[in-house]
1. Considering segment 85-117 alone, what residues qualify as being buried (at least 17 other Cβ atoms within 10 Å of the Cβ) and of a type in the set (Lys, Arg)?
2. Is it true that some residue in segment 67-85 is out of contact with any helix residue (DSSP H, G or I) (no Cβ under 7 Å at 6 or more places or on another chain), over 28 Å from Ala179 (Cα atoms) and free of Cβ contacts under 8 Å to residues at least 40 places away in the same chain?
3. How many of the residues in segment 14-58 are among the charged types (D, E, K, R) and over 21 Å from Arg158 (Cα atoms)?
4. Identify all residues within segment 13-27 that are part of a helix (DSSP H, G or I) and in contact with a Leu (Cβ under 8 Å, 6 or more places away or on another chain); write none if there are none.
5. Could you grab me the full set of residues in segment 133-156 that are in contact with a strand residue (DSSP E or B) (Cβ under 6 Å, 6 or more places away or on another chain) and either free of Cβ contacts under 8 Å to residues at least 12 places away in the same chain or of a type outside the set (Lys, Arg) (or both)?
6. Of the residues Asp97, Asp104, which single one is charged (D, E, K, R), modelled with pLDDT of 95 or more and touching a helix residue (DSSP H, G or I) at 6+ places or on another chain (Cβ under 6 Å)?
7. Could you tell me whether segment 118-134 includes any residue that is of a type outside the set (Phe, Trp, Tyr), surrounded by 18 or more Cβ atoms within 10 Å (Cβ to Cβ) and assigned to a helix (DSSP H, G or I)?
Amino acid sequence: MSTDRAELIMGNADLLAGPAVVSRAIARMAGEIAGALATTNPVVLCVMKGGLIFAGHLFTQLNFPMEIDYVHVTRYGEHTCGKTLNWAATPCTPLKDRIVLLVDDILDEGVTLAEIIKYCQQQGAEKVYTAVLVDKQHSRKCLELPTADFTGLYMQDRFLFGFGMDCQGYWRNANGIFAVRD
């Protein structure tokens, strides 16, 4: 996509959740996560690239000891659909006998997160939790992961971008959550 096309998409996009709404959702989630995990010494894994911005905001509000690492797995690349998982990076932190929290931008179909959960379990994680900024509401969820343990916002089934979610590689940095206008 050209930058001109990216600008056009943003200029025509619908703002679904502005910065204040997103901040309140993250603060609420931080409280829920702290209530559940503060005493567990978790390994918190950011799911790259989409989870980066959300994780950065969330992590500063989790005021308890934790180890932070990341995993980079994608099914989409810069496309809107995909079937093959691409494992670009696995965590360096050992997961054996640890509580793990996966932090990602969106729960769409759940295929990628479900596979990352399986990976963590294969590495010996004691328990794996999921936190997503957005749960997209539709009936195409995979059976292994129909919901996340911690969810910031529930959104309609539209092509979303911003706050970590991209539109063909662009606008992860948009401060809010937007939908491409049909």
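1. The answer is Arg98, and nothing else.
2. Checked against the condition, which is being out of contact with any helix residue (DSSP H, G or I) (no Cβ under 7 Å at 6 or more places or on another chain), over 28 Å from Ala179 (Cα atoms) and free of Cβ contacts under 8 Å to residues at least 40 places away in the same chain, segment 67-85 yields at least one hit.
3. Narrowing segment 14-58 to residues among the charged types (D, E, K, R): 14, 24, 28, 32, 49.
Then keep just the ones that are over 21 Å from Arg158 (Cα atoms); that gives 24, 28, 32.
Number of matching residues: 3.
4. Pass one, segment 13-27, residues part of a helix (DSSP H, G or I): 19-27.
Correct list: Val21, Val22, Ala25, Ile26.
5. Restricting attention to segment 133-156, the residues satisfying the condition of being in contact with a strand residue (DSSP E or B) (Cβ under 6 Å, 6 or more places away or on another chain) are 133-137, 148-155.
Scanning segment 133-156 gives Leu133, Val134, Asp135, Gln137, Ala148, Asp149, Phe150, Thr151, Gly152, Leu153, Tyr154, Met155.
6. Working: Asp97 fails: touching a helix residue (DSSP H, G or I) at 6+ places or on another chain (Cβ under 6 Å).
Checking each option against the conditions leaves just Asp104.
7. Checking segment 118-134: at least one residue is of a type outside the set (Phe, Trp, Tyr), surrounded by 18 or more Cβ atoms within 10 Å (Cβ to Cβ) and assigned to a helix (DSSP H, G or I).
Residues are listed down the side, and each one gets a yes or a no for (1) at pLDDT 95 or above; (2) of a type outside the set (Gly, Ala, Ser):
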residue	(1), (2)
Leu8	no, yes
Gly11	no, no
Arg24	yes, yes
Met29	yes, yes
Glu32	yes, yes
Ala38	yes, no
Pro42	yes, yes
Cys46	yes, yes
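The values are calculated or read from the model by the stated rules, or taken from the named source; none is laboratory data. Being a predicted model, the structure only gives us computed values, none of them experimental. Note that we place each Cβ from the backbone using ideal geometry, even for glycine, and neighbour counts take in every protein chain shown.
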